[in-house]
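Worksheet: the structure to be examined is printed underneath.
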Amino acid sequence: MKKLLLITLFLGWAALSFAAKVDTLLIKSPSMNKDVKVVVVTPDVALGKKALACPVLYLLHGYGGNAKTWIGIKPNLPQIADEKGMIFVCPDGKNSWYWDSPLNPSYRYETFISSELVKYIDEHYKTIADRKGRAITGLSMGGHGAMWNAIRHKDIFGGAGTTSGGMDIRPFPKNWEMSKQLGDYDSNKEVWDNHTVINLIDGLENGDLAIIIDCGESDFFLKVNQNLHHRLLEKKIDHDFITRPGAHNGQYWNNSIDYQILFFDKFFKK
């Protein structure tokens, strides 16, 4: 009995010793001159002296969220990291929409996400430091941010996704503090036109990015996601487009992120 107990304790210790690590960091942003909170989930294979280089999936939160949003929605992210051999990086983007705001120099989250954060992660973690091993996705505001950053930085990201994303911000001019970053819509329509994802598609060619888009059938962003899907079809740009029953909530995202991770896992393994 004592021997069995020791074996059980040893196996439990071994499981804890070889499990994904969750770090909560403060990463300096030179462009904004401030620290940004970032949660990093590292699989066991990327840890220790014999660490293997792993692909990285950047996960962006929605409006009102923070660096811990994704691990709150998907508490088993560490287990998934171990299963897939994938690093997850979850930055706090405030309510920035992940642009470099033309009005507010303290909101340069595009520069932070696509330059400063990527550089830090590649320097401090065992990553595949190449666009072929790097993708970005997010929910709601973060879905817009993921597509915005990936399309504008195709040299950095090889894959892009969005779940319940605000793919066209212009139908919602009074919502989610966007006017704080872009100015009032009525007097700044050109700025809004230049800061919405759907208007970036003309600069995208087939094969530039591995793209996955999904949205719930009861989501208020469904129409703008359908419009993006049709724009991509018109341009003959390959992509996955999924709608399923669901609304704009954590229950939907807890389910949808599984399919997105599968999509990016396949992309990384090509």
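The values are calculated or read from the model by the stated rules, or taken from the named source; none is laboratory data. This is a predicted model, so every value here is computed, not measured. Cβ sites come from the backbone with ideal geometry, for glycine too, and all protein chains shown count toward neighbours.
Results, tabulated for the structure shown:
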{"item": "Residue within segment 111-127 that is within 13 Å of the chain's Cα centre (by Cα), within 26 Å of Leu25 (Cα to Cα), crowded, with 18+ Cβ neighbours inside 10 Å and of a type in the set (D, E, K, R) present", "result": "no"}
{"item": "Qualifying residues in segment 152-172 (those that are over 14 Å from the mean Cα position of the chain (by Cα) and aliphatic (A, V, I, L, M)) - the one farthest from Lys266 (Cα to Cα)", "result": "Ile169"}
{"item": "Boolean, Ser106 is within 28 Å of Arg170 (Cβ to Cβ), surrounded by 15 or more Cβ atoms within 10 Å (Cβ to Cβ) and of a type in the set (Gly, Ala, Ser)", "result": "no"}
{"item": "Flag if Gly143 is in a helix (DSSP H, G or I), of a type outside the set (A, V, I, L, M, F, W, C) and within 21 Å of Gly246 (Cβ to Cβ)", "result": "yes"}
{"item": "Matching residues in segment 252-270 - criterion: being more than 20 Å from Pro55 (Cβ to Cβ) and in contact with a helix residue (DSSP H, G or I) (Cβ under 9 Å, 6 or more places away or on another chain)", "result": "Trp253, Asn254"}
{"item": "Residue among Asp219, Asp214 that alone is buried (at least 22 other Cβ atoms within 10 Å of the Cβ), without any contact (Cβ under 8 Å) to a residue 60 or more places away in the chain and not in a helix (DSSP H, G or I)", "result": "Asp214"}
{"item": "Those residues of segment 87-110 which are among the small types (Gly, Ala, Ser) and in contact (Cβ under 8 Å) with a residue 60 or more places away in the chain, in sequence order", "result": "Ser96, Ser101, Ser106"}
{"item": "Selection within segment 133-153 - basic (Lys, Arg) and touching a strand residue (DSSP E or B) at 6+ places or on another chain (Cβ under 9 Å)", "result": "Arg134"}
{"item": "Yes/no for Gly216 being farther than 19 Å from Trp148 by Cα and either in contact with a His (Cβ under 9 Å, 6 or more places away or on another chain) or at pLDDT below 95 (or both)", "result": "yes"}
{"item": "Residue that is nearest to Asn188 (Cα to Cα) [pool: residues in segment 75-93 that are out of contact with any strand residue (DSSP E or B) (no Cβ under 9 Å at 6 or more places or on another chain) and assigned to a loop (DSSP other than H, G, I, E, B)]", "result": "Pro75"}
{"item": "Residue that is more than 19 Å from the chain's Cα centre (by Cα), modelled with pLDDT of 95 or more and small (Gly, Ala, Ser), where the choices are Gly203, Gly207", "result": "Gly207"}
{"item": "Count of residues meeting criterion [touching a strand residue (DSSP E or B) at 6+ places or on another chain (Cβ under 6 Å) and either acidic (Asp, Glu) or in contact (Cβ under 8 Å) with a residue 60 or more places away in the chain (or both)] in segment 160-210", "result": "5"}
{"item": "Criterion violated by Ile151 - all others in (1) surrounded by 14 or more Cβ atoms within 10 Å (Cβ to Cβ); (2) touching a Pro at 6+ places or on another chain (Cβ under 8 Å) satisfied", "result": "(2)"}
{"item": "Filter pass, Asn149 being under 30 Å from Lys270 (Cβ atoms) and out of contact with any Cys (no Cβ under 9 Å at 6 or more places or on another chain)", "result": "yes"}
